[in-house]
Structures are given as C-alpha cells and as structure tokens.
Amino acid sequence: MRRAVLLLFAVSLSLPAADEWLRLTTPHFELFTTSGERRGRETILHFEQVRSFFLTALPAQKAPAFPVRIIAFHTEKQYAPYAPNTAAAAYYTQSQYRDYIVMKDLGDEHFATVTHEYMHLIIRHSGVSLPLWLNEGWADVYSTLRNKGNKAMVGEPIPGRVQKLQLDSWIGIGTLISMTHDSPGYNEKDRAGIFYAEAWALTHMLYLAPEYHSNFDKMLGALAAGKSTPEAFEIAFGKNEEQIFGDLHAYLRRNSLNSGIIDTRLEKSAENPQVRAAEPYESALVLADLLGATRKRDEARKAFLTVEKQFPGRPETARSLGYLEWRSGDDRAARDFFEKAFAAGETDPEMCFHLAILERGQRDAGEKVRPPLLRALKVKPDYLEARLELGYLELSEQNYTAALEAFSQIGEAPPQLASALFGGRALANFSTGDLDLARRNGEEARKRATTAPDTERAEHILRDIQNRLEGERLAKQRSVELQAVRAAAPAPSAIVVPSEERESNAPVRQFPPASAEARRVEGTAVAFDCSPEGAQFRMRVDGKTLIFAFGDPDKVMLRHNGKVVHEFSCGPQKAYRVAVEYDEAPAGSEVAGYIRVLEF
C-alpha cells in the first residue's frame with residue numbers, strides 16, 4: 001500500500017507552467033498550487049479525510065470555522081522566498097485570520113510533517129485540552145494516515161521514533177505524562193527525541209492495541225472533564241501508570257505493531273473539489289499574504305503596494321494591508337484599512353468581525369460596530385463569535401430583547417466561549433426581570449468558566465442577581481409591615497407620588513421643609529440598586545455616574561408628570577430624564593448625597 005501511495009503522488013499529469021496557479025476549494029480547505037490539477041485534487045482530499053477521521057475521535061467535534069489555506073509550490077525556486085529556513089520543506093503558520101499549510105511541493109515525504117501540524121491545529125480550535133504527551137503522540141500517530149479508497153489506514157511505525165526507543169534510555173512514565181511545554185525534557189534537543197518517541201509509542205498502544213482501543217474514548221472523556229492522566233488511566237483502563245508502562249514495553253517487543261483502517265465520511269461537497277485557474281490578482285495577493293504571515297513584513301508591504309498598483313481599488317488589498325498593520329501592532333492603521341475595504345464592499349466575514357472589534361472603543365461605537373457584525377452574519381450565519389459580540393452590543397445599548405434574540409441563536413459554544421454566552425444570557429434575563437432564569441444562566445456561566453476572569457465575571461453577575469432578589473424581598477417585607485402599621489393606625493394616610501393628575505381629595509404625605517443647603521442635578525437614570533444595607537440611585541450627569549443614597553423613605557418626595565402611581569423596580573433603569581435634589585454627603589463618603597426629591 002505504501003508503494004502505491006508513493007506512486008500515486010509521483011504521477012505527473014499536465015503540469016501547468018511555473019507561474020500558472022490553480023485554485024481548488026472544498027468546504028474546509030482552499031488550495032493554491034502550481035503542481036497541477038491531479039496532485040492538487042489528491043492533496044485537498046487527503047486533508048479532508050484527515051479532518052473527517054480526526055473529528056470522529058475528538059470529545060468535542062469542533063474544527064476551524066474558516067477554510068484552512070494550503071499553498072503548494074512546484075519548484076525550489078518558487079518556494080524559497082516563503083520558506084522559514086533552508087531545512088523546512090513544509091510547515092504550518094497562522095495569522096490573525098487564517099491558518100496556512102505550506103509545502104515546497106506535493107511529494108509524499110512532506111505529508112507526515114504537515115499532517116502532524118494539522119492535528120495540532122484541529123485540537124487547538126476544538127477547545128479540547130490534552131496533556132502534552134497525548135497531544136504530540138496522537139499527532140504522530142495520525143501523521144501516518146494514508147488514503148485507501150473510502151477508508152483510511154493509520155498506525156504505520158515511524159522509523160525515527162522506533163530507532164530512538166531502541167537506542168536511548170527511556171524516561172519514566174511519571175515524567176513522561178507530567179511534561180509541559182516548559183519542561184526541560186521537552187525543550188532540550190538531546191532529551192526531546194525520547195519524549196516524542198515514548199509519547200508516540202504510548203498513544204499508539206492505547207489507541208490501536210485491541211486490549212486498550214475500546215476504552216480510548218473513555219480516557220479522552222475523563223481528560224476532557226479535567227481528570228489527570230493517572231486518574232484517566234484508572235477510569236478508562238482500570239490500571240495505574242506503572243502497569244500501563246509495563247504493557248508498553250511488552251507491546252513494543254511484539255513482531256509487528258497494530259494498524260487501523262476506518263471509514264471516512266466525507267461531505268458530498270468535499271468529494272468533488274471546485275477547480276479553476278487562479279486569477280493573477282488572486283495568486284499575487286495570496287503570496288503577499290503569506291509573506292505577512294511568515295513575519296516578512298517589509299517584503300509583504302512592498303508586495304501589497306505592487307498588487308495595489310497593478311490592480312487598483314480592490315477591497316481585498318485593503319483588507320490584507322489592514323491585517324499586516326494589525327500584526328505590526330498599529331490598530332489605528334488596521335482599522336482605517338478595514339474601514340476602506342468595508343466601504344468598498346468587502347464581505348469577508350472574519351474581516352468584518354475584526355473591524356467590529358477594532359471599532360468597539362470608538363465614539364458612537366454602536367453605530368460603527370453593528371453594520372460589520374450584521375454583514376459578517378449575513379455571509380456566515382453560524383459565525384458564533386460575531387453572534388456573541390452582537391448580543392453583548394445589544395446589552396450595552398439596553399436592547400435586552402434583541403440581546404436575548406442574538407444569544408438564543410447560538411447553540412452549543414466551545415469551552416472557551418461557553419461562560420461568556422451564559423453570562424450574556426444571564427445579564428439579559430436580569431435586565432428583563434426574569435431573575436430565576438438569570439440565576440440559572442449565571443450559575444451555568446460560573447460552571448463553564450475556564451479562566452479566572454470568566455469566574456470573576458460570573459460571580460459578579462450572581463452577586464447582582466442575589467442583591468436584587470434580596471432587595472425585592474426586603475421591599476415586599478417593608479410593604480407588608482407598612483400595611484400592618486396603617487391598618488392599626490386610627491387615621492391611615494396614603495403614600496402618593498405628586499403629579500398633575502393627582503386627585504384633589506387624595507391625602508398627601510407631609511415632607512420636611514426644603515433645606516437651604518440642598519443641591520440639584522439633572523441627568524439620566526442608570527440603576528436603582530437594592531441591598532440589605534440600603535437603596536441607592538445611580539444616574540449619569542455630564543458624562544459621570546453619581547450615586548445617591550435613599551435615607552429615610554418618609555423624607556423623600558417623588559415628583560413626576562405621569563400617572564399617580566409609579567413603581568420602581570430594582571436593577572437597571574430605562575434611560576429616562578431625572579432630577580435629584582439632595583443634601584450633600586460628608587467628604588470621603590461613597591455617595592454624592594442623600595436624596596430629598598426625585599423628579600422625573
């Protein structure tokens with residue numbers, strides 16, 4: 001089978017001229033190549049099969065949301081300006097908006113390298129956190145994948161790894177499974193080789209040996225749930241690490257190692273790639289983009305300017321220049337280029353999303369952020385990050401129903417975004433008064449938190465919800481107490497908010513005379529905060545937030561021109577105009593003053 005595969009990739013059919021680029025596309029890959037259509041088809045289908053094969057084994061079946069770009073040259077001369085060094089014949093790289101797999105040519109000997117790197121790419125995008133030994137070992141096992149019709153074969157021995165295991169002293173199982181990217185054994189060249197060899201061998205046994213294979217998924221599930229490697233071993237295989245290490249030595253003494261053959265279920269649209277000649281503008285822009293992705297910024301800038309001169313006014317050039325400036329750390333220049341591309345009609349959903357991110361801190365941000373988000377979602381309705389950003393934008397502008405609508409269109413989020421999704425739902429529920437649902441979503445946000453900021457944000461939301469619930473409980477309790485007092489009083493009085501519509505015969509509460517030192521401010525209502533320590537009213541005045549305390553409620557007069565009864569609810573308020581007359585608080589107080597009159 002190996003000779004057949006090598007022969008397949010050695011066939012040369014109707015190669016195009018050196019500078020004639022072909023563009024092949026499937027749902028998950030975009031291939032630009034000068035190596036001919038036959039080789040291009042075989043290459044892009046290989047990666048589709050790798051992707052399909054790998055995702056069937058992942059606990060979280062997620063992959064890059066946007067197509068991975070593969071660039072395959074045909075000659076050393078074509079490849080040289082884009083090579084990271086003289087030794088690398090294939091490599092993986094990425095920019096802010098795209099993943100690249102780059103190959104000197106489509107020779108079979110390069111596929112193990114780029115397949116290994118593609119495995120890391122899928123794991124990173126999936127949000128699954130694997131220990132280093134399994135991450136590297138599994139990528140090695142998959143790097144041997146070979147197409148076999150509608151099936152794929154995986155697990156051929158890797159000669160270099162086998163030789164290391166035969167000649168070098170092994171590291172202990174405890175050291176192997178506890179290694180991280182910062183461990184000396186991983187970063188020192190002389191010691192890293194045996195780590196990779198043992199990681200490959202251990203993964204090979206656990207994944208392909210009959211006595212382990214059936215419980216491999218159980219081990220993955222335990223690791224995904226946060227269990228340590230020794231715990232996952234016990235849960236999945238009922239053995240400790242030393243027992244498994246002993247089995248590994250016996251496994252490698254066998255005459256042959258196991259291989260696996262599995263079905264690959266490609267989407268229909270992936271089975272027949274779309275093929276066409278790349279336009280001169282496309283190929284020139286792709287190569288300029290690659291220079292930028294490999295940090296050759298001066299060369300990239302010159303290439304982009306040449307493209308712009310030859311093909312003026314194309315929005316894609318402005319988009320690419322924007323990403324080049326963003327990688328250089330110039331957010332303002334990046335935003336300017338993105339705005340230019342957007343105005344010229346650029347529909348790339350990633351660029352539209354990144355433009356929205358860069359616009360967030362600008363004046364009138366909502367007016368600038370919403371249009372690119374909506375365009376991104378029109379092109380790619382399942383763009384989760386853009387949908388989440390839209391939900392938070394609606395929250396910030398107090399469009400709570402629209403926020404809930406945006407969040408409701410998101411199904412299951414990857415682990416790194418799940419807490420933000422449930423936190424956004426909790427805030428929207430809180431603001432619309434559905435406190436029970438807000439608390440459930442807040443608790444889910446705390447449960448799904450993967451970072452300290454996620455946890456802190458969820459805890460803050462839950463505290464606000466609890467304060468509001470407690471405030472409403474105290475308000476109801478006070479209302480009951482007041483009703484009891486009035487019922488026992490010989491001449492009950494009614495608490496009435498004065499207004500133009502107040503009935504002339506309604507009893508009026510008496511308030512203390514106005515203080516000569518009382519002050520007055522006008523602004524916009526923000527929130528009415530309820531807590532056991534006392535109620536507070538927040539408002540915006542000339543761009544600043546002022547906080548006023550409610551002291552004795554019997555000494556606060558409410559005035560408004562609406563209905564006789566106005567109910568205050570705890571929490572965020574609609575942005576209505578309001579005036580406050582107050583007694584100034586002592587210096588150093590956390591509040592600006594104590595309310596005497598609230599007028600709205």
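For the stretch 389-435, the calculated P(r) over all alpha carbon pairs, in 5 Å bins from 0 to the bin holding the longest distance, is 5, 27, 34, 22, 10, 2 percent. With the simple spin-label model, which puts each label point 7 Å out from Cα in the Cβ direction, the His181 to Ala475 separation comes to 4.9 nm. Here the gap between Asn272 and Asp168, fully extended at 0.36 nm per residue and compared with their Cα-Cα distance, gives a gain of 32.8 nm. Dipole check for the stretch 273-405: with +1 at the C-beta of Lys and Arg, -1 at the C-beta of Asp and Glu, and the Cα centre as origin, the magnitude is about 360 Debye. Computed from Cα atoms alone, the Kirkwood hydrodynamic radius reported for the stretch 97-218 is 15.6 Å.
Shown for the stretch 156-261: the carbon plus sulfur share of the solvent-accessible area, taken with all protein chains present and a 1.4 angstrom probe, equals 48%.
Add +1 for every Lys or Arg and -1 for every Asp or Glu among the other residues with Cβ under 9 Å from the Cβ of Val369, and state the total. Value of the local net charge: 0.
With a simple spin-label model that places each label point 7 Å from the Cα along the Cα-to-Cβ direction, the separation between Ala209 and Glu459 comes to 4.4 nm. Could you give log10 I(q)/I(0) at q = 0.14 Å⁻¹ for the stretch 293-446, computed by the Debye formula over C-alpha point scatterers of equal weight, without solvent? Result of the Debye calculation: -0.74.
At an R0 of 35 angstrom, the distance between the Cβ atoms of Val379 and Arg191 translates into a FRET efficiency of 0.15. Whole-Hz Karplus values for the stretch 202-214 come out as 5, 5, 4, 5, 5, 8, 10, 5, x, 6, 10, 3, 5 Hz, taken residue by residue from phi with 6.51 cos²θ - 1.76 cosθ + 1.60 and θ = phi - 60°; glycine and proline positions read x. Pop a pseudo-label 7 angstrom from the Cα along the beta-carbon direction at both His120 and Thr306 and give the gap in nm to one decimal. Each label point lies 7 Å from its Cα, and together they span 3.0 nm. The Glu599 and Gln409 beta-carbon pair, evaluated with R₀ = 45 Å, returns a calculated FRET efficiency of approximately 0.65. At full extension, Glu242 and Glu397 could sit 50.0 nm farther apart than now, given 0.36 nm per residue minus the alpha carbon distance. Distance between the C-alpha centers of the stretch 415-440 and the stretch 301-325? Whole Å please. Their Cα centres are 42 Å away from one another. In a fully extended conformation the segment linking Ala587 and Glu443 would gain 48.0 nm over its present Cα-Cα distance, using 0.36 nm per residue.
The values are calculated or read from the model by the stated rules, or taken from the named source; none is laboratory data. All values reported here derive from a predicted model rather than from experimental measurement. Backbone-built Cβ (ideal geometry, glycine too); neighbour counts: all protein chains shown. Only protein heavy atoms, including side chains, enter the accessible area calculation; ligands, DNA and RNA are left aside. Shrake-Rupley method; radii C 1.70, N 1.55, O 1.52, S 1.80 Å.
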